[in-house]
Amino acid sequence: MSAKRKLKLENRPMKEEARKFESPYGYFTKDGLEYVVTRPDTPRPWVNVFSNGLYGAIESQTGSGFSWSGNSNLSRLTRWEQDLIKDDFGKYMYIRDNDSGAYWSATFKPCCLKPDSFEVRHGIGYSVLTNTVNGVRAEKTIFVHRDEPVEIWKLVLTNESDRARRLSIFTYFEWCLGNAGDTHREFQKTFIETAFDERRGILWGSKRAALVPGFISTGLSENPLTGFHALTNAKVLRFDGDKENFFGRYRSSRDPQSVLQGKLTNTVGKHYDSIASLQTDLVLEPGAPKTLIFLIGEARHPSRADQIIQKLNTESKVEQALNDVKRFWEELLSQTWIDTPDEAMNFMTNTWTKYQAISARLWAKCGYYQSSGGYGFRDQLQDSHVFLPLKPEWTKKQILLHAERQFPDGTVHHWWHPGTNIGAVTHMTDDLLWLAFLTIHYLEETADFTLLDEKVQFLPDPKTKKVSTASLYDHCIRAIDRVLKRWSKRGLPLIGEGDWNDGLSHVGLRWKGESIWLGQFLYGILQKFAPLCELKHQKARATAYLKRAQALKIAINQCGWEKDRYIGATRDDGRPLGSATQKEGKIFLNTQTWAVIHDVATPERSKICMATAEKLLFKKYGPLLLTPAYTKTDPTIGYLSRYAPSVRENGGLYTHAGTWAVQALTVLHDGNKAYQVYRSFMPILRGQEPDLYYAEPYVLPGNVDGPESPHFGRGGWTWYTGAAGWYFRVALDYILGIHATINGLEINPCIPSKWDRYKVKRLFRGKVYEIVVQNPRHVSTGVKKIEVNGKPISGNVIKPLSSKGPHQIRVTLG
């Protein structure tokens, strides 16, 4: 079986092709590797997020967006204002016909002229925006270099008229060069200067650093940048670094004065509202194409910019750089691949969830709905799950990175900005446990127990200011032990400022409120970490953890069970949340799903609580996080009660938690129901109703409005969500049932009974497993036999194989 598919190495012209999952706004290509937007007026901006782990950019289908280097929030290269209704801030190119004086933009924005033809192809690591106006076809390919802090715009202009065209091309964007959140532009512009290097043809922008490092006017921090804008394969005729000169007074990006007049002013210096604009002129003969290569990048010194430009100063070099990006993604994503009867599942699992989790969440740490720039302790740890069947050493790297953000007492930064002293010290009570959780899963994937001995530095002790170092194993037990010390009289963990649900921010401020979910989460960790304690010759600790786990399980079932559900939490005053006794928030999703996932509930209660969740929470567009939604701000609950009812954590589908509902159903061996819930918030299927769904159909949204919203079913907060990695995982590990364990690769499918067969290519401990699962009796679960390279094995766990493979695995259900 060959599951590896080739990413396209050449951009294709607009033409008829097989269209998958077509809607009024676009479609997937046959192989699912591109989404093609066919009109500019999508319900919300449909974007792509490019990142190489250092430099990044976002581009919407209109041509709007922004760029950064190092940190999408503290080190923003270009200015952008978040307005998803107008989407009118970005990095633009204008085209002017020097015979008629007519002008328009190379992309739909900012001029918004009705195009003769329009197409945007969002691919893996690149986008191609094609816009034809006034007989000139403009094709802009944008991508971020694989290794360098630079983005490339390859603009191909084609004259589709029957006469020669004399054109001027103008670029335009505003320099930010620091913290994106500081809106005091009249102050910030006084620290930014521009300069033009005539020999190199580079327009520079730089921001002078504050005397107090990291401090700017609003008290926010930043990493000031020096950026450059260049045209590498043609002569820059004129340039401008002044916004007022470019626009004129009281004009907008639709009708800038310089473009109208056809001439930039060659103005740069320290005394302006700094922008970057380059002008070049050209003549296009009928039918003839012309390619221009523009760059935006970050470099502290001209020699560094020279190095970058030398790699990108010809069309062939740019094509090679683009192919390098495509090849990188192809090789990474194809390590694990599926082929099922569900084409939407194939597209999302093979390509888009992996790409979203890596490019947007782990590397860019940014989306159009949220620009973070920082690491969340629990957030990117969970996201790093995605690397396990692709490149597990990157999961290891993430684990060690997060361990460095732990204090000696086991507590951690809730979030932090790398390379700065900025980190949030909170009383969130689940963050620290995710270190042990991911460590366990990494060990199950790799059996690389040397990870436990890795030496990792703690953050300075807040009292003594001393810096100490310990093994990762020690970091994990300090986290576990810290949670075990935050304990109620009833034997339950305290919730503090929130468990996984940040919106429960005021439930336990006085350290009396309890979290049932945190207890369920901790129970599973104690059960799986105890054997690691024995491995480290700490049998007493292992015994103690198992004893605490059993006592915790009893407490959860005594104090947390309520007839047909597990309550969510208790407030500082003892009143419950997620209880049928309450007027609002009568049931929480997470305490039903994790009771099953971590085996806290009895078999009978598992069925009962999930049946209650199905009755009250499972809706047409996915499982709600809680219901009914809160209608008034409640200072004993937290900020989720500030949200409008059925929005985000306040009674909407919180997609991240929705994936756990799918996992729980597979634990109960209900393949048909698990598959139904999985598909209920599948972006590709939801995208068939785009004017209801709004969000991009090729990535996960963070949330979908629930039934108490007038926009029931509307998606939002796309790209920057932990749902992507978990949606990938529940498909591969729990529906398809290809799951790593310490002892080997466990095969335990939980599929829709109507499926006849499916295939999985799975990388496991450096070996390739090509797995074919046959379902002749149309069951949902239950392995009848497994053959490994033609030989039957007993049980459903394939022990690690020594030879490279690929190994042929045949599984029969029945």
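The values are calculated or read from the model by the stated rules, or taken from the named source; none is laboratory data. Keep in mind it's a predicted model, so treat the numbers as computed, not measured. We place every Cβ from the backbone using ideal geometry, glycine too, and count neighbours over all the protein chains shown. With ligands, DNA and RNA removed, areas are computed over all heavy atoms of the protein, side chains included. Shrake-Rupley method; radii C 1.70, N 1.55, O 1.52, S 1.80 Å.
Thr183 - would you say it is out of contact with any helix residue (DSSP H, G or I) (no Cβ under 6 Å at 6 or more places or on another chain), farther than 16 Å from Ser64 by Cα and open to solvent by 10 Å² or more (accessible area, probe 1.4 Å)? It is true that Thr183 is out of contact with any helix residue (DSSP H, G or I) (no Cβ under 6 Å at 6 or more places or on another chain), farther than 16 Å from Ser64 by Cα and open to solvent by 10 Å² or more (accessible area, probe 1.4 Å). Of all the listed residues (Val647, Val662), the sole one being of a type in the set (Val, Ile, Thr) and within 30 Å of Lys528 (Cα to Cα) is Val662. Restricting the first member to region 655-683 and to residues that are under 19 Å from Gly715 (Cβ atoms) and in a helix (DSSP H, G or I), and the second to residues that are open to solvent by 20 Å² or more (accessible area, probe 1.4 Å) and among the aliphatic types (A, V, I, L, M), the beta-carbon pairs closer than 9 Å and six or more apart or on different chains are Trp660/Ile597; Arg679/Leu685.
Give Ile169, Ile152 a once-over and let me know the one that is over 33 Å from the mean Cα position of the chain (by Cα) and within 17 Å of Leu278 (Cα to Cα). Exactly one residue qualifies, and that residue is Ile169.
Of the residues that make up region 420-433, is at least one among the small types (Gly, Ala, Ser) and farther than 22 Å from Arg478 by Cα? Full working, then the answer.
If we filter region 420-433 for residues that are among the small types (Gly, Ala, Ser), which is where we start, we get 423-424.
From the residues that got through so far, the ones that are farther than 22 Å from Arg478 by Cα too are none.
Among the residues of region 420-433, not one is among the small types (Gly, Ala, Ser) and farther than 22 Å from Arg478 by Cα, which makes the answer no.
Residue check: Lys235 meets all listed conditions (1) buried (at least 19 other Cβ atoms within 10 Å of the Cβ); (2) touching a strand residue (DSSP E or B) at 6+ places or on another chain (Cβ under 7 Å) but one, namely (1). Screening Glu17 against (1) at pLDDT below 95; (2) in contact with a helix residue (DSSP H, G or I) (Cβ under 8 Å, 6 or more places away or on another chain) leaves a single unmet condition, (2).
If you filter region 46-59 down to residues that are touching an Asp or Glu at 6+ places or on another chain (Cβ under 8 Å) and either without any contact (Cβ under 8 Å) to a residue 12 or more places away in the chain or open to solvent by less than 10 Å² (accessible area, probe 1.4 Å) (or both), you find that the one that is nearest to Gly123 (Cα to Cα) is Asn48.
Of all residues in region 230-268, which are closer than 23 Å to Ile309 by Cα and either assigned to a loop (DSSP other than H, G, I, E, B) or among the aromatic types (Phe, Trp, Tyr) (or both)?
Let us first name the residues in region 230-268 that are closer than 23 Å to Ile309 by Cα, namely 230-241, 266, 268.
Scanning region 230-268 gives Thr232, Asn233, Ala234, Lys235, Val236, Leu237, Phe239, Asn266, Val268.
Residue pairs whose Cβ atoms lie under 7 Å apart, separated by 6 or more positions or on different chains, with the first residue in region 325-341 and more than 12 Å from Arg762 (Cβ to Cβ) and at pLDDT below 95 and the second open to solvent by less than 10 Å² (accessible area, probe 1.4 Å) and not hydroxyl-bearing (Ser, Thr, Tyr), do not occur. The set of residues in region 145-180 being farther than 22 Å from Ala234 by Cα, of a type outside the set (D, E, K, R) and surrounded by fewer than 20 Cβ atoms within 10 Å (Cβ to Cβ) consists of Ser161 alone.
Listed by first and then second residue, the pairs linking a residue in region 553-565 that is buried (at least 20 other Cβ atoms within 10 Å of the Cβ) to a residue that is in a strand (DSSP E or B), with Cβ atoms under 8 Å apart and 6 or more places separating them unless they lie on different chains, are Ile556/Tyr566; Gly560/Tyr566; Arg565/Ile587.
Looking across region 358-402, the residues that are of a type in the set (Ser, Thr, Tyr), more than 10 Å from Leu438 (Cβ to Cβ), modelled with pLDDT of 95 or more and out of contact with any Pro (no Cβ under 8 Å at 6 or more places or on another chain) come down to Ser359, Tyr369. In this entry, His506 passes the filter for residues that are more than 28 Å from Pro800 (Cβ to Cβ), surrounded by 15 or more Cβ atoms within 10 Å (Cβ to Cβ) and not small (Gly, Ala, Ser). Checked against the criterion of being open to solvent by less than 10 Å² (accessible area, probe 1.4 Å) and not in a helix (DSSP H, G or I), the candidates Ile308, Ile338 yield just one match: Ile338.
Inside region 678-706, can you point out the residues that are of a type outside the set (Ser, Thr, Tyr) and within 15 Å of the chain's Cα centre (by Cα)? Can you show your working first?
Just the residues of region 678-706 that are of a type outside the set (Ser, Thr, Tyr), to begin with: 679, 681-692, 695-697, 699-706.
Residues satisfying the conditions are Pro683, Ala695, Glu696, Pro697, Val699, Leu700, Pro701, Gly702, Asn703.
Which one is surrounded by the fewest Cβ atoms within 10 Å (Cβ to Cβ) among residues in region 634-690 that are among the hydrophobic types (A, V, I, L, M, F, W, C) and in contact with a Pro (Cβ under 6 Å, 6 or more places away or on another chain)? Give the steps one after another, and end with the answer.
Of all residues in region 634-690, those among the hydrophobic types (A, V, I, L, M, F, W, C) come to 637, 640, 644, 647, 653, 657, 660-662, 664-665, 667-668, 674, 677, 681-682, 684-685.
Now narrow it down to the ones that are in contact with a Pro (Cβ under 6 Å, 6 or more places away or on another chain): 661, 684.
Values: Ala661: 30, Ile684: 23.
The residue in question is Ile684.
The residues listed here are Pro710, Pro776, Pro752; of these, the one that is in contact with a helix residue (DSSP H, G or I) (Cβ under 9 Å, 6 or more places away or on another chain) and surrounded by fewer than 23 Cβ atoms within 10 Å (Cβ to Cβ) is Pro752.
Going through region 568-590 one residue at a time, which ones are more than 15 Å from His506 (Cβ to Cβ) and open to solvent by less than 10 Å² (accessible area, probe 1.4 Å)? Within region 568-590, Gly578, Ser579, Ile587, Leu589 meet the criteria.
Right, Trp363: touching a Ser or Thr at 6+ places or on another chain (Cβ under 6 Å), surrounded by fewer than 22 Cβ atoms within 10 Å (Cβ to Cβ) and among the aromatic types (Phe, Trp, Tyr) or not? Show your work before the answer.
On the way: touching a Ser or Thr at 6+ places or on another chain (Cβ under 6 Å): yes; surrounded by fewer than 22 Cβ atoms within 10 Å (Cβ to Cβ): yes; among the aromatic types (Phe, Trp, Tyr): yes.
Yes: the conditions hold for Trp363.
Taking strands (runs of 3 or more DSSP E) that fall entirely within region 371-479, which contain at least 1 residues that are closer than 24 Å to Gln356 by Cα and open to solvent by less than 10 Å² (accessible area, probe 1.4 Å)?
Values: elements: 413-416, 423-425, 455-457, 469-471.
In region 371-479, the matching strands (runs of 3 or more DSSP E) lie at 413-416.
Against the numbered list (1) modelled with pLDDT of 95 or more; (2) touching a Ser or Thr at 6+ places or on another chain (Cβ under 9 Å); (3) open to solvent by 70 Å² or more (accessible area, probe 1.4 Å); (4) not in a strand (DSSP E or B), Arg300 comes up short only at (1).
Return a yes/no flag: does region 205-214 have any residue that is farther than 24 Å from Lys109 by Cβ, surrounded by 23 or more Cβ atoms within 10 Å (Cβ to Cβ) and touching a residue at least 60 places away in the same chain (Cβ under 8 Å). Don't jump to the end; show me each part of the working.
First pass over region 205-214, keeping only residues farther than 24 Å from Lys109 by Cβ: 206-214.
Checking which are surrounded by 23 or more Cβ atoms within 10 Å (Cβ to Cβ) leaves us with 207.
Still in the list and also touching a residue at least 60 places away in the same chain (Cβ under 8 Å): none.
No: zero hits.
On inspection, Thr593 does not qualify as open to solvent by 10 Å² or more (accessible area, probe 1.4 Å) and of a type in the set (Val, Ile, Thr).
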